[in-house]
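Okay, structure first, notes after.
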Amino acid sequence: MEWRVINLKTERLPVLDAIRGFALFGILLLHIIMFQYPSPEEITKLINLDKVLTDFVQIFTSSSYRPLFSFMFGVGFVILFRSLERRGLRVELTFLRRFLFLFGLGLIHYLYLWQGDILATYGAAGFLLLLFLKCQPKTLLVSSLLIWLSAPIISLILRPLDIVDKPLFHIMDLANLISPGLWNPFESLFHTLWASATEVLPYFLLGMYAMHSNWFHRLEDNRTRNGLLSLIFLIIGWPIKAILYLSNSHEAWADLLIIGNGLTMLGYLFGIMYLFTTRFGERFFKPFQAIGKMSLTNYLSHTIIFTLLFIPAGILLKGIGLIHSVGVFWGLVIACVTIVLQAKFSSWWLSRFAYGPIEWLWRMFTYWKWTPIKKSTAAEKPSANTNTTISHIQ
């Protein structure tokens, strides 16, 4: 298969930013519940409308929008790789700095703000992604499938031995091996690295394959195909998630949720690609494009906002939590208001600046040089226009 090189100066793919922004919204809906009810015991005690809404969110968003976000990370990886090669820059060193920044930022986020962080996992998986830097598309696809299916297959093999009654990475508790009873960063670091290999890396690789295979081009021509694939994946994925979640089959078949989650993610992906070619979809997803261009800034702002609202005590923000819970319904309302405000703010910011604030810092660390953030200044240099697209996409 011939790899198609994109000229970022002339070709923008707004659908990529829209997908990333909408994925962030799905993550936000799940996080608003997790911030209010951090323990599974609290969630199981929910009743009436709170219970119904929680089940809805778990089935339709849980572990499907995060994979979509991971998928888009792989897409951005390919775009940046192509740009670095075109400009004659040191690819491996540039990516190492990029992933190191993300990993460090994620660890700070995890240790001091919220344990639901995904950035450290992305940074760790990014280092592994370098092993697949110049692989052919078919190799990326096969590797993605093998890693994606490894956890449920291993779990099914070990289950008769009665040693698997929870997610696989919980079995190997590195912290207990090093210092029983003592909490330390080694446990979270190990879990992060394990999750990188079994959870996000397959979607990174699939995103790379999709970009090499031109999934996002000629959307109008592929409209029928995208719509049909969306229906097929959702018709299969949703029932798998619903049956396993509502039947509380956590011990027996929990790892099969990986399959349901992945199929649902693909259904959402192709659904967005289909809707993006319609007049309704174009209008609906336009605000999400601005959110997607500043996805890192917006993701971190979720933690700040929700920590201020819901966490009664943290490490850096100890005692600032204003309330414990407003219930699932009003929590979802807050999430919707938050995403609307972020869309407005992101559009305002990007009308004046070339990058989001965190994206700007990430970019300077990646290239290890000063970059003007003002849009008027950045626009004077031809390379800045190209790099703006790159920073938005990844």
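The values are calculated or read from the model by the stated rules, or taken from the named source; none is laboratory data. Quick caveat, the model's predicted, so the values are computed rather than measured. Quick reminder, even Gly has a Cβ in these numbers, built from the backbone with ideal geometry, and neighbours come from all protein chains shown.
Numerical summary
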{"quantity": "Failed item in (1) modelled with pLDDT of 85 or more; (2) not in a loop (DSSP other than H, G, I, E, B), with THR377 passing the rest", "calculated": "(1)"}
{"quantity": "For ILE33: the one exception among (1) touching a residue at least 60 places away in the same chain (Cβ under 8 Å); (2) under 22 Å from MET294 (Cα atoms)", "calculated": "(2)"}
{"quantity": "Hey, PHE56 part of a helix (DSSP H, G or I), surrounded by 21 or more Cβ atoms within 10 Å (Cβ to Cβ) and under 22 Å from the mean Cα position of the chain (by Cα) or not", "calculated": "no"}
{"quantity": "Residue, modelled with the lowest pLDDT, within region 133-161, restricted to residues that are more than 15 Å from GLY74 (Cα to Cα) and small (Gly, Ala, Ser)", "calculated": "SER155"}
{"quantity": "Candidates TRP330, TRP348 - the one that is surrounded by fewer than 19 Cβ atoms within 10 Å (Cβ to Cβ), more than 21 Å from the chain's Cα centre (by Cα), outside any loop (DSSP other than H, G, I, E, B) and modelled with pLDDT of 95 or more", "calculated": "TRP348"}
{"quantity": "Answer residue from region 359-375, given it is charged (D, E, K, R) and buried (at least 16 other Cβ atoms within 10 Å of the Cβ) and is farthest from LEU100 (Cα to Cα) among those", "calculated": "LYS375"}
{"quantity": "Residue, surrounded by the fewest Cβ atoms within 10 Å (Cβ to Cβ), within region 80-137, restricted to residues that are assigned to a helix (DSSP H, G or I) and without any contact (Cβ under 8 Å) to a residue 12 or more places away in the chain", "calculated": "LEU131"}
{"quantity": "Residue pairs meeting the criteria (Cβ under 6 Å; at least 6 apart or on separate chains; first at negative phi and in a helix (DSSP H, G or I), in region 138-157; second modelled with pLDDT of 95 or more and not aliphatic (A, V, I, L, M))", "calculated": "LEU140/TYR209; LEU141/TYR209"}
{"quantity": "Odd one out for PRO38, checked against (1) under 28 Å from GLY281 (Cβ atoms); (2) in a loop (DSSP other than H, G, I, E, B)", "calculated": "(1)"}
{"quantity": "Residue count for region 196-217, restricted to those that are among the polar types (S, T, N, Q) and under 18 Å from LEU13 (Cβ atoms)", "calculated": "2"}
{"quantity": "Some residue of region 299-313 being at pLDDT 95 or above, of a type in the set (Val, Ile, Thr) and buried (at least 16 other Cβ atoms within 10 Å of the Cβ)", "calculated": "no"}
{"quantity": "Any hit, region 60-76, residues being of a type in the set (Val, Ile, Thr), surrounded by 22 or more Cβ atoms within 10 Å (Cβ to Cβ) and in a helix (DSSP H, G or I)", "calculated": "yes"}
